[in-house]
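FYI, it's all coordinate maths here, none of it is from the lab. Because the structure is predicted, anything quoted here is derived from the model rather than measured. Here the Cβ positions follow ideal geometry from the backbone for every residue, glycine too, while neighbour counts run over all protein chains shown.
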Amino acid sequence: MADRVTVIGWDGSPLTAAARSALAAATLVAGAAHHLALPEVPESAERIRLGSVGLAARRIAGHRGTAVVLADGDPGFFGVVRALRAPEFGLEVEVVPAVSSVASAFARAGMPWDDAQVVVAHSRTLRRAVNVCRAHTKVAVLTSPGAGPAELGLLLEGVHRTFVICEELGTAREQVTILTSDKAADHTWRDPNVVIVIGGFVAAAEGGGWIAGREPGGGPRGWALPAGAYGGALGEGETDLLRAAQLARLGPRVGDLVWDIGSGSGAFATEAARTGAAVIAVDRSPGACTRTEHSARRFGVQMQIVHGSAPHVLEDLPEPDVVRVGGGGAAVVSAVADRRPQRIVTHAATRDAAELIGRDLTEHGYEVDCALIQSVELDTRAWTEKERSVAFLLSGRLPDRAP
């Protein structure tokens, strides 16, 4: 094992005294081509081009001497430090950090970033990164080849965002470009780059910030809020207790894309968006679409609202993770199941309708649960019944998909 492993962050600035000292003593140096070309790298040191961090870590673990790993920005922030410290390599490292590429990107844009989400986009996480960009007003995306500005722009179709694209930060070829997301696919972008994604309506801030990124559970305290919170009477299937059960069955979370089909007042779509998930709300009624938009603005959440009739309007929508079917019955549930979301919830007014939907979900490979939910609202002044609601709640889960 190497006698000493130092990880040095580099942001284009002159190296610190600690970094120069570690490099001077190095017998092995790993890094990208532009790192290995730095004049401070000793001529006598063994050099490793840093492609696979795992392969480099194995070489370092078997090296007898002093090793240095050079990386862009802060190597402890979505960087190589985590990989090098993995138990299978047994490496203990010292870190000399530099300014992270995210901090540099926001500095070039002249913007604060304590309220920004930060995500990594590569082949496995690109869709989830895009969903975060749908759901939040300020996101920094650390890109990779094949998951860069062009791909982000293409997958954000139907959602207007502004991109601040920072290419090759800290080098002589550094360039900052500002354009709209629909134009990003018209260009070829150099790696590495960071994309700041900005857009959507923002609720008025109350006081100063106290936590980085999005405040968890922001907005009014509680879930499944009463009708008054959404401007009046709710439609069929939108009662607060049924809505709470639907949310619990779906479990939307950051990085998910939720479809709410038959959004009605926008109550469910708004509460799903409050979890940090991306939401597409669909309704055939222009009035319902308007109500949904008003609900989203009232609570300061982002969502895409689509006017159209299911199932036909669903064909051009991006792939969902979880879906609530608030209207359309068995035909719409079947069309949704064809898209293979992880989870689906819906409701039925009768047992026959519930059985029809349940059989269809089972035929599509879903594990089905059904519960009869009855809620009775009482007038607490006289403790008399005001309103009664009864519905069959159906939920389907694909056993071969991630939970």
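Qualifying trypsin sites (Lys or Arg not before Pro) in region 35-89, where qualification requires a DSSP coil assignment and no more than 15 other C-beta atoms within 10 Å, comprise Arg64. In this structure the amide hydrogen of Ala25, modeled in the peptide plane, comes within under 5 Å of no amide hydrogen from residues 5 or more places off or on another chain.
Looking at region 1-62, the GluC sites (Glu not before Pro) that sit in a DSSP loop and have at most 10 other Cβ atoms within 10 Å of their own Cβ are Glu43. A simple charge model with +1 on the Cβ of Lys and Arg, -1 on the Cβ of Asp and Glu and nothing else charged puts the dipole of region 284-403 at about 420 debye relative to its Cα centre. If R0 is 22 Å, the Cβ-Cβ spacing of Phe78 and Thr16 corresponds to a FRET efficiency of close to 0.55.
Principal axis extents of the Cα atoms in region 279-373, from largest to smallest and rounded to whole angstrom, are 37, 28, 21. Starting from region 120-179, pick out the trypsin sites (Lys or Arg not before Pro) whose DSSP state is loop and whose Cβ has at most 12 other Cβ atoms within 10 Å. Counting only loop positions with at most 12 other Cβ atoms within 10 Å, the trypsin sites (Lys or Arg not before Pro) in region 120-179 are Arg124, Arg173. Put simply, the amide H of Leu156, placed in the peptide plane, has no neighbours under 5 Å, leaving out anything fewer than 5 places away on its chain. Between region 337-361 and region 244-283, the C-alpha centres lie 17 angstrom from each other. For region 1-97, the Kirkwood estimate of the hydrodynamic radius, built from every pair of different alpha carbons, is 12.9 Å.
Round to the nearest 0.05 the FRET efficiency obtained for Ala107 and Ala185 when R0 = 30 Å and r is the Cβ-Cβ distance.
0.65
Annotation: amide H-H contacts under 5 Å for Leu179 (H modelled 1.01 Å from N, sequence separation of 5 or more, or interchain): Phe163, Ile165. Dipole magnitude for the chain: computed about the Cα centre from +1 point charges on Lys and Arg Cβ and -1 point charges on Asp and Glu Cβ, it is near 440 debye. Placing a label point 7 Å from the Cα of Asp3 along the Cα-to-Cβ line, the residues of region 33-49 whose backbone N sits under 17 Å from it are 42, 44-46. Were the residues from Ser389 through Glu46 laid out at 0.36 nm apart, the gain over their Cα-Cα distance would be 116.1 nm.
Simple rule: put +1 on each Lys or Arg Cβ and -1 on each Asp or Glu Cβ in region 1-145, find the dipole, and look at Leu38, Trp10, Ala121; the Cα lying farthest toward the positive end is Ala121.
Toward the positive end of the charge dipole of the chain, with +1 on the Cβ of Lys and Arg and -1 on the Cβ of Asp and Glu, the farthest Cα among Val194, Gly228, Gly300 is that of Val194.
Computed extension length for Arg253-Val120: 46.2 nm, one decimal, from 0.36 nm per residue of separation with the Cα-Cα distance subtracted.
If each DSSP helix of 4+ residues adds -39,500 (n - 2.57) and the sum is divided by the residues in the chain, what number results at 222 nm, nearest 500 deg cm²/dmol?
So the calculated ellipticity at 222 nm is -7500 deg cm²/dmol.
Along the positive direction of the dipole of the chain (beta-carbon charges: Lys, Arg +1; Asp, Glu -1; about the Cα centre), which of Ile178, Ala19, Gly76 reaches farthest? It is Ala19. Starting from the Cα gyration tensor of region 91-142, take the square roots of the eigenvalues, sort them a ≥ b ≥ c, and report rounded, prolate or oblate (rounded when a/c is under 1.5, otherwise prolate if a/b is larger than b/c, else oblate). Oblate is the answer for region 91-142, as a/c is 1.5 or above yet b/c matches or exceeds a/b.
Hull volume per residue, based on the alpha-carbon atoms of region 214-319 and their convex hull, is 95 Å³. Highest mean first, the peptides 243-249, 5-11, 257-263, 182-188 sorted by other C-beta atoms within 10 Å per residue fall in the order 257-263, 5-11, 243-249, 182-188.
Spin-label model, Val376/Trp210: points 7 Å from Cα along the beta carbon direction are separated by 4.1 nm. Couplings 3J(HN,Hα) of region 95-111, computed from phi: 10, 10, x, 10, 5, 5, 5, 5, 4, 5, 4, 5, 5, 4, 7, x, 10 Hz, in residue order, whole Hz [Karplus 6.51 cos²θ - 1.76 cosθ + 1.60, θ = phi - 60°; x for Gly and Pro].
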